[in-house]
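J.: This structure is in C-alpha cells; I'll ask about it shortly.
The values are calculated or read from the model by the stated rules, or taken from the named source; none is laboratory data. This structure is a prediction, so every number in the text was calculated from the model and none was measured. Quick reminder, even Gly has a Cβ in these numbers, built from the backbone with ideal geometry, and neighbours come from all protein chains shown.
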Amino acid sequence: MLTFQPAKDRWKLGFKEAVLESFDYLRSYGLECVQADVTFVRYDSPKTFVNVFHGRGSYELGVEIGQHGDPVRSIAKGLYVLLGWRGAPERRLPSGESLLFTSDIREGVQELVPKMAALFRKYADSLLRGDEQAFESLDLYYVEEARRTAERYAGGTPPFGQRFGSR
C-alpha cells in the first residue's frame, strides 16, 4: 500500500492547532479528541466519530462524520455530501464548481479551517446529536449521490475546486 508522509515542516501550517480551536464545539456533543497530528485530527464518542484532515499530498482540507457499528454508517461522509444532503447553497460556488478547501500555506489553513468548522457545525447538528433518522436520511442520500456521481463521471468532466495560495 502506498502511503504519504507529511513534509517535515508541515507543522508550520498550523493545521492541528486550527482544528483543535475551531472544532472545540464538538466536545459539547460528547465527542473527545482521540488523535491529533499535523494532518489528521479525530474526535470520537461511543456512537459517532468525526475526522478532520489536511491531505498529505493534495493539501485538501476536509471533515467527515460517521457512526460506529453499522457498515454503511461507519463509512465517513464528507462535508460535500453533508452539504448536498442538506441542500446547502454553499455546496456550489458561483461558477458552478464544487466547494473544495485546499491550501498549502499557513494563511490559507488558518482562514479555511474555521470556515469549514462553521459549515460543519451548521449542517451536521442533528448527526452530531446522534439522531438516527438523520443518519438514515444521510445514508440514503449518500447511496443516491454515489450513483449520480458514477453516472456523471462515466460521461462527463469532474468538478474542480478552489485553491487558496501556493508555494
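J.: Under 8 Å between Cβ atoms, at least 6 apart or on separate chains: pull out the pairs that start in the range 18-29 with a residue that is closer than 19 Å to ARG129 by Cβ and touching a residue at least 60 places away in the same chain (Cβ under 8 Å) and end on any residue that is polar (S, T, N, Q) and surrounded by 13 or more Cβ atoms within 10 Å (Cβ to Cβ).
T.: That search, which allows pairs on different chains as well, returns TYR29/SER45; TYR29/THR48.
J.: Something else about it: From the list GLY69, GLY55, GLY62, which residue is out of contact with any helix residue (DSSP H, G or I) (no Cβ under 9 Å at 6 or more places or on another chain) and under 20 Å from GLU111 (Cα atoms)?
T.: Working: GLY69 fails: under 20 Å from GLU111 (Cα atoms); GLY62 fails: out of contact with any helix residue (DSSP H, G or I) (no Cβ under 9 Å at 6 or more places or on another chain).
The match here is GLY55.
J.: Something else now. Just the residues that are in contact with a Phe, Trp or Tyr (Cβ under 7 Å, 6 or more places away or on another chain) and either of a type in the set (D, E, K, R) or over 19 Å from TYR142 (Cα atoms) (or both), please, taken from the range 61-70.
T.: Passing the criteria: only LEU61.
J.: Then there's this: If you go through the range 84-99 one residue at a time, do you hit one that is over 14 Å from LEU13 (Cα atoms), aromatic (Phe, Trp, Tyr) and surrounded by 19 or more Cβ atoms within 10 Å (Cβ to Cβ)? Don't jump to the end; show me each part of the working.
T.: Within the range 84-99, the first condition is being over 14 Å from LEU13 (Cα atoms), and the residues that meet it are 84-99.
Going one step further and asking which of them are aromatic (Phe, Trp, Tyr), we end up with 85.
Then drop every residue that is not surrounded by 19 or more Cβ atoms within 10 Å (Cβ to Cβ), which leaves 85.
For the range 84-99, residues over 14 Å from LEU13 (Cα atoms), aromatic (Phe, Trp, Tyr) and surrounded by 19 or more Cβ atoms within 10 Å (Cβ to Cβ): present.
J.: If you check SER126 against the conditions, is it touching a helix residue (DSSP H, G or I) at 6+ places or on another chain (Cβ under 8 Å) and without any contact (Cβ under 8 Å) to a residue 40 or more places away in the chain? If you could, list the steps in order and put the result at the bottom.
T.: Values: touching a helix residue (DSSP H, G or I) at 6+ places or on another chain (Cβ under 8 Å): yes; without any contact (Cβ under 8 Å) to a residue 40 or more places away in the chain: yes.
Answer is yes for this residue.
J.: While we're looking at this one, here's another question. Within the range 65-86, is there a residue that is touching a residue at least 40 places away in the same chain (Cβ under 8 Å), among the small types (Gly, Ala, Ser), in contact with a strand residue (DSSP E or B) (Cβ under 8 Å, 6 or more places away or on another chain) and under 22 Å from LEU100 (Cβ atoms)?
T.: No, because not a single residue in the range 65-86 is touching a residue at least 40 places away in the same chain (Cβ under 8 Å), among the small types (Gly, Ala, Ser), in contact with a strand residue (DSSP E or B) (Cβ under 8 Å, 6 or more places away or on another chain) and under 22 Å from LEU100 (Cβ atoms).
J.: Considering only residues that are among the hydroxyl-bearing types (Ser, Thr, Tyr) and surrounded by fewer than 13 Cβ atoms within 10 Å (Cβ to Cβ), look in the range 119-158 and name the one that is modelled with the highest pLDDT.
T.: The qualifying residue modelled with the highest pLDDT is TYR153.
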